[in-house]
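Note sheet for the following structure.
The values are calculated or read from the model by the stated rules, or taken from the named source; none is laboratory data. Being a predicted model, the structure only gives us computed values, none of them experimental. Note that we place each Cβ from the backbone using ideal geometry, even for glycine, and neighbour counts take in every protein chain shown. Surface areas here come from the heavy atoms of the whole protein model, side chains and all, with no ligands, DNA or RNA. Shrake-Rupley method; radii C 1.70, N 1.55, O 1.52, S 1.80 Å.
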Amino acid sequence: MKTSWRSASLVATAAAVMALTTACGADNAPTPSSAAQNVGATAAAGGYGSIGATASPSASTGNGYGADGQQAAAAEPAGKLSVATNPDLGKVLSDGAGLTLYRFDADTASPPKSNCDGDCATAWPPVPAGDASAGAGIDKSLLGEVTRTDGTKQLTIGGWPAYRYVKDVNAGDVNGQGVGGKWFALAPDGKKATLADLPGLSVRKDAKLGDIVVDKNGNTVYRFLKDKAWPKSVSNCAGACLEKWPAVGIVSANDTKGVQKKGLMGFTRPDGVKQMTVNCWPIYTFSGDTAPGQTNGQGVGGTWYAVSPEGKPVGAPAA
């Protein structure tokens, strides 16, 4: 009886594992809630820093700017700006080296004016306007410059003077977020970076397309007709394609609203990135959508379409 019971238990366990791993192919697995995060292809490499580590005024000791005793970095060129995806702040503007750019509440955007000089500018080096250019997902018309009191030209985004923070040493660090209650990471449109109060995936009613899936930032989610869902999820978007169409990272099924639960899981891409699926179809956002609610990726190349709550490509021609 003991052997029989053990055999039956093993069979039941194996059946449960098979049910989980064959829904979208053996490479797929349910997504744990601890893995919930949207990751774009343009996200800076390495860690994302510790949000709030210096977010209180008490963190700003000594010179009052949150970086007492540290030396000012050389005025490095801005280079080609990019958009990184931070799990706590959403889309964050970065310089050519992947360092986070910030704005200062004591400045003004209309007209642009910097009020950060002396020790302040030592802790928060102004970003030179010189060679700054707009990368994917950034409206180049928002890039400008302001003349500082020392005569140098500082980069502005949407009118707001841009700075780096001396305590950010790695690409993606956001140690300056919230310092003194006056310093905040820049969003691509010049506003303060912040997440929309939305689930990881939810449904929005678009005036032209009807019900479509959006990510936690309110950005439209897309499907690529050249991808595959069965017998397992396969993405055929890589390299330059993935730069324009960032893969949506893993989202817990419990962190979704209105999206079909069947086939709602993640898979591991050949490049090692974990990507989310809806009804087993890989999903993406579009770098050309620079604000929540935009659908600029709809119908691009006749192969990219917004996703319905059931995972179907909205508006795609009949197969």
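Restricting to the range 276-298, give me the number of residues that are part of a strand (DSSP E or B) and of a type in the set (A, V, I, L, M, F, W, C). If you could, list the steps in order and put the result at the bottom.
Initially, the range 276-298 is screened for residues part of a strand (DSSP E or B), giving 276-278, 281-282, 284.
From what's left, of a type in the set (A, V, I, L, M, F, W, C): 276, 278, 281.
Summing the residues that are part of a strand (DSSP E or B) and of a type in the set (A, V, I, L, M, F, W, C) in the range 276-298 gives 3.
How many of the residues in the range 97-131 are open to solvent by less than 10 Å² (accessible area, probe 1.4 Å), outside any loop (DSSP other than H, G, I, E, B) and aromatic (Phe, Trp, Tyr)?
Of the residues in the range 97-131, 1 are open to solvent by less than 10 Å² (accessible area, probe 1.4 Å), outside any loop (DSSP other than H, G, I, E, B) and aromatic (Phe, Trp, Tyr).
Please find, among Ala193, Ala247, the residue that is of a type outside the set (Lys, Arg), touching a Cys at 6+ places or on another chain (Cβ under 9 Å) and closer than 22 Å to Val83 by Cα.
Only one candidate qualifies: Ala247.
Quick test of your reading of the structure: Ser94 fulfils all but one of (1) of a type in the set (S, T, N, Q); (2) touching a strand residue (DSSP E or B) at 6+ places or on another chain (Cβ under 6 Å); (3) open to solvent by 30 Å² or more (accessible area, probe 1.4 Å). Name the failing condition by number.
All conditions are met except number (3).
Could you grab me the full set of residues in the range 304-319 that are open to solvent by less than 30 Å² (accessible area, probe 1.4 Å) and either outside any loop (DSSP other than H, G, I, E, B) or more than 18 Å from Val251 (Cβ to Cβ) (or both)? Talk me through it step by step, then tell me what you get.
Narrowing the range 304-319 to residues open to solvent by less than 30 Å² (accessible area, probe 1.4 Å): 304-309, 311, 314, 316.
Correct list: Trp304, Tyr305, Ala306, Val307, Val314, Ala316.
Give the residue, chosen from Gly272, Gly258, Gly301, that is in a loop (DSSP other than H, G, I, E, B), free of Cβ contacts under 8 Å to residues at least 12 places away in the same chain and open to solvent by 40 Å² or more (accessible area, probe 1.4 Å). Steps first, please.
Details: Gly258 fails: free of Cβ contacts under 8 Å to residues at least 12 places away in the same chain; Gly301 fails: in a loop (DSSP other than H, G, I, E, B).
Every option except Gly272 fails the conditions.
Across the range 183-231, which residue is nearest to Asn296 (Cα to Cα) among those that are surrounded by fewer than 23 Cβ atoms within 10 Å (Cβ to Cβ) and of a type in the set (S, T, N, Q)?
Asn217
If we scan the range 253-261, do we find a residue that is more than 22 Å from Asp88 (Cα to Cα), hydroxyl-bearing (Ser, Thr, Tyr) and modelled with pLDDT of 95 or more?
no
Just name the residue that is nearest to Ser94 (Cα to Cα) out of those in the range 132-160 that are β-branched (Val, Ile, Thr), open to solvent by 50 Å² or more (accessible area, probe 1.4 Å) and in contact (Cβ under 8 Å) with a residue 12 or more places away in the chain. Break it down into steps so the answer makes sense when it comes.
Going residue by residue through the range 132-160, those that are β-branched (Val, Ile, Thr) are 138, 146-147, 149, 152, 156-157.
Okay, now just the ones that are also open to solvent by 50 Å² or more (accessible area, probe 1.4 Å), so 147, 149, 152.
Then keep just the ones that are in contact (Cβ under 8 Å) with a residue 12 or more places away in the chain; that gives 149, 152.
Values: Thr149: 25, Thr152: 21 Å.
Among those residues, the one meeting the criterion is Thr152.
Sort through Ala240, Ala207 and tell me the only one that's of a type in the set (Gly, Ala, Ser), closer than 20 Å to Val314 by Cβ and out of contact with any Pro (no Cβ under 8 Å at 6 or more places or on another chain). Full working, then the answer.
On the way: Ala240 fails: closer than 20 Å to Val314 by Cβ.
On inspection, the qualifying residue turns out to be Ala207.
Go through (1) modelled with pLDDT under 95; (2) at negative phi one by one and return the number of the condition Gly239 breaks.
In the conditions (1) modelled with pLDDT under 95; (2) at negative phi, Gly239 misses (2) alone.
What tally of residues in the range 188-242 results from selecting those that are over 24 Å from Asp139 (Cβ atoms) and not in a loop (DSSP other than H, G, I, E, B)?
Residues meeting the conditions: 11.
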